[in-house]
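Heads up, the thing below is written out as structure tokens.
We did not get these values from a lab; they are worked out from the coordinates using the rules stated. Being a predicted model, the structure only gives us computed values, none of them experimental. We place every Cβ from the backbone using ideal geometry, glycine too, and count neighbours over all the protein chains shown.
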Amino acid sequence: MTSTPPDDAPRRRPILVPVVAILAAVTVGVSAAFGGLKDAPEPQPEQLGKGAEFDQGQMKTVFEDAVVRPGDNQGLGISDKRYLQIMMKVTNESDETILAQTMDRALPTIRADDKTIKPGKDPSDLGPRIVTLYKGHSYSQLHPGVPETVVMSFELGENDPVPEKVSIDAATFEWQESFIQQTHAWVRVVDDEPPTPEERKRGQSVTLTPKVGAQVTLPVRVEGGL
């Protein structure tokens with residue numbers, strides 16, 4: 001014979017789930033399944049200033065200074081011309097010696113007072129002169145694991161004003177395997193962009209532009225009584 005519980009015995013209450021919460025969960029699931037949720041926005045490049053260090057993969061770069069000065073006897077131009085020089089401390093993180101000119105690919109775009117000076121407009125432009133300095137002499141190499149002073153020089157025209165600042169786009173490199181040659185190499189990271197109308201006419205389908213990992217802004221100072 002089954003006994004009836006007393007009236008004062010605690011009763012279990014049913015768990016109530018708000019209908020709104022259920023509908024919200026269903027909506028999110030359906031939206032995700034059919035691509036209704038937008039992709040997360042691309043992270044913006046890191047904003048850096050004078051003295052900052054940025055790990056570019058193949059190298060680590062400290063952005064030390066930007067200066068306008070006359071050329072000198074260190075392989076940095078001739079004395080009756082002016083040069084905008086970007087001074088860096090670069091450590092080659094790879095296992096092999098590389099050329100200082102590699103920094104041309106590592107810093108794909110440079111602006112002086114928001115005006116692009118690299119890359120140049122003229123296709124025949126060979127770009128800035130880039131050297132390694134050591135004890136008053138200029139060299140062309142960066143040896144593995146050694147922090148070295150690197151100077152990137154731009155010749156200024158006779159009537160060009162001294163810029164107040166330079167802005168530098170810094171790229172990054174990845175250690176990638178080539179499945180065709182079964183080798184590895186440092187490869188610059190790129191973004192895929194839709195082709196411009198001019199590129200479509202030439203038959204290009206995708207534009208590969210260097211992915212900007214950091215943007216560095218340096219004030220420009222003047223040396224040599226200019």
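What to note about this one:
- Backbone N within the range 90-126 under 15 Å of label point (7 Å from L208 Cα along the Cβ vector): 105-106
- Footprinting exposure proxy for E46, E223 (fewest neighbouring C-beta atoms within 10 Å first): E223, E46
- Length gained on full extension, D55 to V146: 31.3 nm, using 0.36 nm per residue less the C-alpha separation.
- Between the range 126-197 and the range 48-96, the Cα center-to-center distance that results, in Å: 10
- In this rough spin-label picture, where each label sits 7 Å from Cα along the Cβ direction, the I78-E198 distance is 3.3 nm.
- The 3J(HN,Hα) values that the Karplus relation (6.51, -1.76, 1.60; θ = phi - 60°) gives for the range 145-157 are, in residue order, x, 10, x, 10, 7, 10, 10, 10, 10, 10, 6, 9, x Hz. Gly and Pro appear as x.
- In sequence order, the range 90-107 has phi-based couplings of 10, 10, 6, 8, 8, 8, 10, 5, 10, 7, 4, 5, 4, 5, 5, 7, 6, 10 Hz under the Karplus curve 6.51 cos²θ - 1.76 cosθ + 1.60, θ = phi - 60°, and Gly or Pro positions carry x.
- Rounded to whole Hz, the Karplus (6.51, -1.76, 1.60) HN-Hα couplings of the range 163-169, x for glycine and proline: x, 7, 8, 10, 10, 10, 8
- Going from the residue with the fewest nearby Cβ atoms within 10 Å to the one with the most, I168, I98, I130 rank I98, I130, I168.
- Gyration tensor (alpha-carbon) shape descriptor, the range 42-112, a/c threshold 1.5: oblate
- Peptide packing: for 59-69, 153-163, the average count of neighbouring Cβ atoms within 10 Å per residue gives the ranking 59-69, 153-163, highest mean first.
- Once the chain from E174 to V162 is taken as fully extended at 0.36 nm per residue, the excess over their C-alpha distance is 0.7 nm.
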